[in-house]
1. Given the structure, is A:THR21 in contact with a strand residue (DSSP E or B) (Cβ under 8 Å, 6 or more places away or on another chain), within 14 Å of another protein chain (Cβ to nearest Cβ), farther than 26 Å from B:ARG112 by Cα and not in a loop (DSSP other than H, G, I, E, B)?
2. Going residue by residue through the range B:86-109, is there one that turns out to be charged (D, E, K, R), at the interface with chain A (Cβ under 9 Å from one of its Cβ atoms), in a strand (DSSP E or B) and surrounded by fewer than 17 Cβ atoms within 10 Å (Cβ to Cβ)?
3. Kindly check whether there is at least one residue in the range B:53-69 that is outside any strand (DSSP E or B), out of contact with any strand residue (DSSP E or B) (no Cβ under 9 Å at 6 or more places or on another chain) and within 11 Å of another protein chain (Cβ to nearest Cβ).
4. Residues in the range B:16-38: is at least one under 22 Å from B:GLU1 (Cβ atoms), in a loop (DSSP other than H, G, I, E, B) and within 11 Å of chain A (Cβ to nearest Cβ)?
5. Kindly list the number of the only condition in (1) surrounded by 14 or more Cβ atoms within 10 Å (Cβ to Cβ); (2) more than 13 Å from every other protein chain (Cβ to nearest Cβ) that fails for A:GLN6.
6. Take the residues of the range B:70-85 that are loosely packed, with under 15 Cβ neighbours inside 10 Å and part of a loop (DSSP other than H, G, I, E, B): which is nearest to the other protein chains (Cβ to nearest Cβ)?
7. Contact list please: Cβ distance under 6 Å, first residue in the range A:30-54 and more than 8 Å from chain B (Cβ to nearest Cβ) and acidic (Asp, Glu), second residue outside any strand (DSSP E or B) and surrounded by fewer than 20 Cβ atoms within 10 Å (Cβ to Cβ), pairs at least six apart or on different chains.
8. Quick check on the range A:34-84: of everything there that is over 25 Å from B:GLN37 (Cβ atoms) and aliphatic (A, V, I, L, M), which residue is surrounded by the most Cβ atoms within 10 Å (Cβ to Cβ)?
Amino acid sequence: GQQVMQIPQYQHVQEGEDFTTYCNSSTTLSNIQWYKQRPGGHPVFLIQLVKSGEVKKQKRLTFQFGEAKKNSSLHITATQTTDVGTYFCAGEEKGSGAGSYQLTFGKGTKLSVIP
Amino acid sequence: EAQVTQNPRYLITVTGKKLTVTCSQNMNHEYMSWYRQDPGLGLRQIYYSMNVEVTDKGDVPEGYKVSRKEKRNFPLILESPSPNQTSLYFCASSPRLALPGWETQYFGPGTRLLVL
């Protein structure tokens, strides 16, 4: 079955440093989503990427979808303590059928920000 | 307020005692899904439903049942819970998709289950 690998598993950064997490799928994806989960909280949808090579920005967050639609990244510029949490990617396999809606999540990257 | 609610939030039970975790959303969403979250394993999809009376298996459906008799409710049933079902469970909902993309998926607050 489809696998989505996410690295690194943990990242500790000094406040103000940049942070990047990467996702790689074993199969071509139809789309990929990114979520953030604060400690003790529930996942919160950040964004979805659909097109090959797509780049989207949300303030200090930049999301990219690879040309082959098998990898994606989330980059945070100048981290802040409010960025603390675990970031997950989730991919839907291409060709899984119209409306299959089966999502496979990466295991997440836990970000700690040292003030 | 638009939200996904789950009950109970915490549950301790014993092996073999049937239980149901309820999930309800007030946003008239077609799509609903159940996930379990375990340390080191991330979020794994258990079951999902594309609309009333339409359900399908996710990655880890064994030991679980679901039903979708009404649009707003999507209960998760453990007929005979076992210790390996101890986990944090999340319900989620999303409006009808504009394929190939997704609309925002909203997660409930989670249900922490301990099976002794």
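FYI, it's all coordinate maths here, none of it is from the lab. The shown structure was predicted, so the numbers you read here are calculated from the model rather than taken from an experiment. Note that we place each Cβ from the backbone using ideal geometry, even for glycine, and neighbour counts take in every protein chain shown.
1. Numbers: in contact with a strand residue (DSSP E or B) (Cβ under 8 Å, 6 or more places away or on another chain): yes; within 14 Å of another protein chain (Cβ to nearest Cβ): yes; farther than 26 Å from B:ARG112 by Cα: yes; not in a loop (DSSP other than H, G, I, E, B): yes.
For A:THR21, the condition - in contact with a strand residue (DSSP E or B) (Cβ under 8 Å, 6 or more places away or on another chain), within 14 Å of another protein chain (Cβ to nearest Cβ), farther than 26 Å from B:ARG112 by Cα and not in a loop (DSSP other than H, G, I, E, B) - is met.
2. Step one: of the range B:86-109, the residues charged (D, E, K, R) are B:96, B:103.
Now restrict to residues that are at the interface with chain A (Cβ under 9 Å from one of its Cβ atoms): B:103.
Subsequent filtering for residues that are in a strand (DSSP E or B) retains none.
Looking through the range B:86-109, none of the residues is charged (D, E, K, R), at the interface with chain A (Cβ under 9 Å from one of its Cβ atoms), in a strand (DSSP E or B) and surrounded by fewer than 17 Cβ atoms within 10 Å (Cβ to Cβ).
3. Checked against the condition, which is being outside any strand (DSSP E or B), out of contact with any strand residue (DSSP E or B) (no Cβ under 9 Å at 6 or more places or on another chain) and within 11 Å of another protein chain (Cβ to nearest Cβ), the range B:53-69 yields no hits at all.
4. yes
5. (2)
6. Among them, the one singled out is B:GLU70.
7. Within 6 Å, no pair qualifies.
8. It comes out as A:VAL50.
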